[in-house]
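Worksheet for the structure shown next.
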């Protein structure tokens, strides 16, 4: 039997392996070819994409650098004009003459006419809106203005701020400002000094300022809007940067898309070096952009082109390359399948020849195995019958056990109800004589005090106090016994808030004392909020009570990283030898005459902590303080 089984396994393995849909070697060849073709295609596409980006980086960077150069050149020309007017001898003499009363009125008039003629000549030739001459105090000494005199510009707060900085720093400045009707203007401010540049003292203050006002739309905007890349979607925009924020100067206000990233990217632009990147412009369109800082006017020049147009040729070529790679891959896979088909056909032919022999071996094996299966079935039937009998016995035992559990549960419920009734009955029966004792002793003290001796009155007061203490003992015993029956309602609790509420409830106990409490960061825990508050009330009350000997009582509530909460005080502490008595009912380590209480507060704390699945313990040094620890899980 063993030999025939071995032969059948050997013979059956060959045809099945040959008839496999695709051998592992062919699958590996397909995967390798797919990875190779895909990697090569991805490399070519990525290389072409990088070439396209490099082309546009070079194109846009060169364009924005050229336009920035033209802007700087235009601004430099206006700066040279302002310097020529500031260095004009008549300009200095006019400013000095107005500040010096020794000049005659005729001399001042002649000087002013010379200055006005020169200012008007420059304004007319270079088409400036206005040219002003101010003294250091901001008063106009001379002006040459056209149709738009620029009054709204020189009276604005921004101009006053720039004028003050030019006088203070003694250097040229050029800024963008809002003109009449909100039109953007370029303002050039050149300080005028008493002496020539080569002989000027380093700390000399200017005697005046030449101001040239030019419209942005006339001078700079045509240079910005020129399209030098030849692309359909290419455009140039100018961004003004103020306090790290940017705004468009060549685009109408309110037309900026919420996803605009050009303004964010402009904050990192540098002067004399164009930066390139992919952004989203004010229309919400993906663009390729190069930007360069125009330091003179605190702005950033941006040259951009739509990404769809910039990458259109690359994407068309990438689609063609992808189609070609897929065609090559399909042809390669087809060849592998054809080779595999021929190999499978040959293997099937050899397999059919061996199949007859295998069938004979299998028939003999089936007959032999059939006899074995019949014997096994009979054995299984006997085992099944025995298992059914065992299951029936287990079912009967479980039913009996369930009945016993129900009976015991009912007995426990009856016992708990009887115990609760007994507790209330005992408390009622004990309270009645206590009330009579307190009542009669009070009547004797209030109505018959003159007939009683001092000793008798003291004894009655002792009886009254003991009756009150006995009532408190009964109430505490009932509260302690009810803790085990009270349902536990766990939830997420902010422990620090619970401590603050408990501390507020204990305000009467610390009245008239100086008590300092420190509440550290306490993590959120899972507990019954009412029972957790009772824990902190009992521990804080203990800390207040046993620290009364201190002139300044100090209490700290905190939590360690391991989830251990603690309450620490600087009170009298206790002897660690008596630690085992600390959490027992009516166990006290100090006399009642020294510290009031009945010795059940810490027992209640222990009962609540144990119900939460935690533990409680304490550490202390006699006359130095105590620390009580507890966990909730």
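Here, each number is a calculation from the coordinates, and none is a lab measurement. Worth saying up front: this structure is predicted, and the values here are computed from it rather than measured. Ideal geometry is used to build each Cβ from the backbone, glycine not excepted, and the neighbour counts take in all protein chains shown.
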- In what order do 628, 583 fall by count of nearby beta-carbon atoms within 10 Å, going from fewest to most? 583, 628
- Length gain on complete extension for the stretch residue 610 to residue 355, per 0.36 nm per residue less the alpha carbon to alpha carbon distance? 84.3 nm
- Distance from region 483-529 to region 308-350 (C-alpha centre basis), Å: 73
- Task: Evaluate E = 1/(1 + (r/R0)^6) for residue 247 and residue 169, where r is the Cβ-Cβ distance and R0 equals 22 Å; express this FRET efficiency to the nearest 0.05.
- Result: 0.30
- Query: What full-extension length gain, to one decimal in nm, is calculated for residue 394 and residue 327 as 0.36 nm per residue of separation minus the Cα-Cα distance?
  - Reply: 17.1 nm
- Item | Among 291-303, 612-624, 387-399, the order from most to least packed when residues are scored by Cβ within 10 Å on average | 291-303, 612-624, 387-399
- Length released on extending from residue 579 to residue 43, taking residue separation times 0.36 nm less the Cα-Cα span: 185.3 nm
- Item | Using a Förster distance of 56 Å, the FRET efficiency for residue 445-residue 413 (Cβ separation, nearest 0.05) | 0.75
- Calculated over region 488-537: convex hull of Cα atoms, volume per residue (Å³): 60
- Mind ranking 34-40, 405-411, 61-67, 434-440 by how tightly packed they are, going by the mean number of other C-beta atoms within 10 angstrom, highest first? 61-67, 434-440, 34-40, 405-411
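P(r) tail for region 260-394, what percent of Cα pairs lie past 17 Å?
Values: 7223 of 9045 pairs.
So the portion of pairs separated by more than 17 Å is 80 percent.
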- Taking Rh as the Kirkwood radius computed over alpha-carbon pairs of region 487-630 and applying Stokes-Einstein at 10 °C with viscosity 1.306 mPa s, one gets a diffusion coefficient in µm² s⁻¹ of 103
